[in-house]
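See structure below.
The values are calculated or read from the model by the stated rules, or taken from the named source; none is laboratory data. Given the structure is predicted, the values throughout are model-derived calculations rather than measurements. Cβ placement follows ideal geometry from the backbone for every residue including glycine, while neighbour counts extend to all protein chains displayed. Ligands, DNA and RNA are excluded from the accessible area calculation, which covers all protein heavy atoms including side chains. Shrake-Rupley method; radii C 1.70, N 1.55, O 1.52, S 1.80 Å.
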Amino acid sequence: MITLYNVPVSSYGAKVRIILNHKGLEWTEAAPPDGYGSAAYKQIVPAGTVPAIIHGGLTLADSEAIAEYLDESFPTPPMMPADVTARARARELSRFHDTRLEPVLRSFFGQVAPSGRDATFIAETSALLQARLDQLATIAAPAPLSTGKHLAIADCGFVASFGILDLLRELLDLEVVLPHPIAAYASALAAQGSVTEEDSRYRKALRDWARTKGAL
């Protein structure tokens, strides 16, 4: 049995949940005691971050490390291409999401509460976000997913990010447009059987969180 430490609005936690479900694994989810980053949680997961898993004697943090560990430990169905060049491209896309796109989306979280909004920050960061999405359209070649017809690790982080983007466009009136190939990719991804349930759960968690900020 795998234990996943997570919080409902963690985008990277959503990524790991999709992989666990797609592979049909037995797992249970727990909230970090006293919250992530707490001394109590660091006694379990030294990094103090979410998501993290415990599997047998292994404690592992970082969603990408977790994703590749799960794919190697439970290889059916495979979630990385067999070809070495295609694997490298898949990792490039995954890293682009984690280091270039997701951090820009997350930077808007401080703008969700109406009382804390900064119009200049929103305008400047919207331009940066559009630039990142345009870059993604030149890097990715969905067919219809990131590495072909089957769900891959490289797809899973984007599920939550597309949900975050939709919420931010609603709350902040962001003038950000998904390039056509990426809009088609987002639709194809949301239609995947292993994605649909988690996509719905995560979007609800986001809206519940936004309500606590007085944004809905």
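Side notes on the structure shown:
- Residue-count net charge about Ser115 - beta-carbon cut-off 15 Å; Lys, Arg +1, Asp, Glu -1: +2
- For the range 35-67 versus the range 153-193, the gap between their alpha-carbon centres in whole angstrom: 27 Å
- Dimensionless Rg ratio for the range 64-154, taking C-alpha atoms and the 2.2 N^0.38 Å reference: 1.35
- Mean residue ellipticity (222 nm) of the chain, computed from DSSP H runs ≥ 4 via -39,500 (n - 2.57), nearest 500: -17500 deg cm²/dmol
- Listed pairs Lys15/Lys42; Lys23/Lys213; Lys15/Lys213 exceeding 28 Å between Cα atoms: Lys23/Lys213
- Label-point gap, in nm, between Ser200 and Thr212 - each point 7 angstrom along Cα→Cβ: 2.4 nm
- Carbon + sulfur, % of accessible area of the range 142-206 - ligands and nucleic acids excluded, 1.4 Å: 54 percent
- Considering only the chain, percent of DSSP beta bridges that pair antiparallel, nearest 5: 70 percent
- Three-way shape label, the range 1-60, alpha-carbon gyration tensor, a/c 1.5: oblate
- Per residue accessible area of the chain, 1.4 Å probe, in Å²: 47 Å²
- Near Met1: Cβ cut-off under 12 Å, other residues only, Lys/Arg at +1 and Asp/Glu at -1. The net charge is -2.
- Amide H to amide H distances under 5 Å link Gly148 with Ala143, where only residues 5 or more positions off or on other chains count and H is placed in the peptide plane.
- Answer label for volume of the Cα convex hull per residue in Å³ (calculated), chosen among (i) 183; (ii) 148; (iii) 120: (iii)
- Distant-in-sequence amide H partners of Glu29 (H built 1.01 Å from N, under 5 Å): Leu4
- Accessible area of the range 6-103 belonging to carbon and sulfur atoms, whole % at 1.4 Å probe: 55 percent
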